[in-house]
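Asker: Following this message is one structure expressed as structure tokens.
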Amino acid sequence: MSALGPKLLGSMATIGSGGALGMEGPSVLVGSTAGQWIGDRLPRVMGQRSRLVLVVAGAAAGVAAVFQAPATGVLFAARPSR
């Protein structure tokens, strides 16, 4: 959660100065940070794999909310990442 503030400020400065950031960038950041925050608050319940799933689910929820298309969030979460 500590990185959320500076990254949001950087995103606002980029958008405010006319820079190209994209619609999904800040929403993925906020969604994945929310998922990480939930995983950090439940350490006895969540294993490392479950915490990773929460981060991906939060990022997918951010994408789905921005584009108002839940299927887009599902596809975002299902894509292979390395």
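Read-outs throughout are calculated quantities, based only on the coordinates presented, and are distinct from any laboratory measurement. Just so you know, these numbers come straight off a predicted model, no measurement behind them. Backbone-built Cβ (ideal geometry, glycine too); neighbour counts: all protein chains shown.
Asker: Sort out which residues of the range 36-67 are over 19 Å from A78 (Cα atoms) and either touching a Lys or Arg at 6+ places or on another chain (Cβ under 9 Å) or crowded, with 16+ Cβ neighbours inside 10 Å (or both), and write them in order of number.
Answerer: I38, G39, D40, L42, P43, M46
Asker: Test A77 against the stated conditions and say whether it is part of a helix (DSSP H, G or I), over 14 Å from the mean Cα position of the chain (by Cα), farther than 21 Å from G5 by Cα and free of Cβ contacts under 8 Å to residues at least 24 places away in the same chain.
Answerer: When the stated conditions are applied, A77 does not pass them.
Asker: Same structure again: Just name the residue that is surrounded by the most Cβ atoms within 10 Å (Cβ to Cβ) out of those in the range 4-30 that are small (G, A, S) and either closer than 25 Å to P70 by Cα or touching a His at 6+ places or on another chain (Cβ under 6 Å) (or both).
Answerer: S27
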